[in-house]
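All of the numbers you see were taken from the coordinates with simple rules; none came from a lab. Since this is a predicted model, take the numbers as computed values, not measurements. Every residue, glycine among them, receives a Cβ derived from its backbone with ideal geometry; neighbour counts consider all protein chains shown.
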Amino acid sequence: MMFLPFVLSGGAFVGLLQRAEIVSASAETRDQAAVQQPDLETLVQNDLRKRDVPLEKLDASRSGWFGRFVLDWGGGRRRLEDLGLSIEMLYTTDGSYAVAGGADPRGTALRGLLDVTFTYDTEPALGVRGGTLHAGLQWINGADGSGRFGVAQAFSNIDSEHRFQLGRVWYEQFVEGAGTRVRLGKIDANSLFAYVESGGQFIHSSMGFSPTIYLMPTYPDAAFGLAVVQSVGGGVELRAGVFDGSFARGVRTGQDGPQTVFRGPHDLFFIGEADLAWDDDSPGRAGFGAWAHDGDLERFDGGTEHGTAGLYALLEQRVWSSARVEGRHVDGFVQLGWADADVSPFENHLGLGAQWTNAFTSRQDRLGLGLTRAGLSGAPGAGFTENAETAVELFYGFELAPWVRAKPDLQYVRNPGGDAALDDAWIATLRVTFSL
């Protein structure tokens, strides 16, 4: 039964391949030309998808002396980039206030995340074409606001306990002509799987990926693994990965090296996804995936279950583009997820939302409205007294300076934590992000 989702996802793979066969010859030509290695900036953006990164590449010349000496390090940054090394620093801080309801009415939470990423193109100095080395240092500090306010779904995607860790380190090889990307190392699986591009700028974590994939190695606990992304033409990509699954036993893989891969526990997390993307006048993407874990898991009723699995699906679509202002558009998304209620706190999930980009182009801004409903396990021993937790989020993110962004955010959480004793919560957050 654990591998039934992979059988079902195989059907989805076939369906997407059939859809790819009916594209026009000109579209196929464009797709083949587009099968190329992502550039360094794209790879970094994918690993930082859930951060409030600038809409455009940071231009040090826009900031006068500050840009020349602080952002460009007196020209040192450009010289490193000429050698293939890109260094990015991103500091995100969230200040949250529980306006009403939840476990700590009128409580506050302040936390921050420093991401320092090193991405190296192996071709300029080593002559290895298509190779990329990536490492990411993370310093996480402050309070876990989601735990403090008593919500089941993390309302801030940087919430975690205090840590300083090498959060990611991997090597990726692009096989030119085959449309294949192979990544090996300590990987944030959400950078390649189950992501919702147009949901990544929301603060609530469930807008970025379904909480039903509760064992996926992602922030703050990336894990060692192997992932392959294969472009097959017609806008179709097939993705597969296998990762260290010891997080299910309480191992904080984000803080560890590969020792659990070799010394145990030898649990594995598997995930596969089929994507179909289209990029005509209204670009969009549809995906269907399945995941499984092969370890022994504690059931809510006190027993043990060997292995578990789940399914997820997503759809993104550009629903409007301005004919007058380049870059001004609205993107919408829907995501679904299912998991085993005997072991997962989240049995099913529905997420949907929309994001308006460049509402006022001088501000480099984004305006978003989204909803996430997580159905909670009703299994004996799960401990929930409500059947679902629902959150609605409204945010407006804008540029204060080329290297500083602000994002006021308001969330309404119905049935926080699935606890009938708690009043519905209103949570206000101000996120400020510094890109250096």
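Some observations on this one:
- The string of couplings for the stretch 137-153 from the Karplus curve (6.51, -1.76, 1.60, θ = phi - 60°) is 8, 10, 10, 10, 9, x, 8, 7, x, 5, x, 5, 8, x, 9, 7, 8 Hz, one whole number per residue in order, with x for Gly and Pro.
- Trypsin sites (Lys or Arg not before Pro) restricted to DSSP loop in the stretch 115-167 with at most 15 other C-beta within 10 Å: ARG129
- Amide H contacts under 5 Å for HIS349, placed H, 5+ residues apart: GLY337, GLY375
- Karplus-derived 3J(HN,Hα), 6.51/-1.76/1.60, for each residue of the stretch 426-431, Hz, glycine and proline x: 10, 10, 9, 9, 10, 9
- Highest-first arrangement of 89-95, 326-332, where packing means the average Cβ count within 10 Å: 89-95, 326-332
- With viscosity 0.692 mPa s and temperature 37 °C, the Kirkwood radius over alpha carbon pairs of the stretch 96-184 converts through Stokes-Einstein to a diffusion coefficient of 206 µm²/s.
- For ARG111, net neighbour charge (Lys/Arg +1, Asp/Glu -1) across residues whose Cβ lies under 12 Å away: -1
- FRET efficiency estimate (nearest 0.05) - Cβ-Cβ, ALA406 to SER322, R0 30 angstrom: 0.80
- Amide H to amide H distances under 5 Å link ALA382 with no residue, where only residues 5 or more positions off or on other chains count and H is placed in the peptide plane.
- Using every pair of separate Cα atoms, the Kirkwood estimate puts the hydrodynamic radius of the stretch 297-381 at 15.5 angstrom.
- Peptide ranges 311-318, 174-181, 200-207, 353-360 listed from the most packed, as the mean C-beta count within 10 angstrom indicates: 200-207, 311-318, 353-360, 174-181
- This model, with +1 at the C-beta of Lys and Arg and -1 at the C-beta of Asp and Glu, gives the stretch 297-436 a dipole about its Cα centre of some 940 debye.
- 3J(HN,Hα) from dihedral phi, the stretch 209-220, Karplus parametrisation 6.51/-1.76/1.60, rounded to Hz, x for glycine, proline: 7, 5, x, 5, 8, 6, 9, 5, x, 9, 3, x
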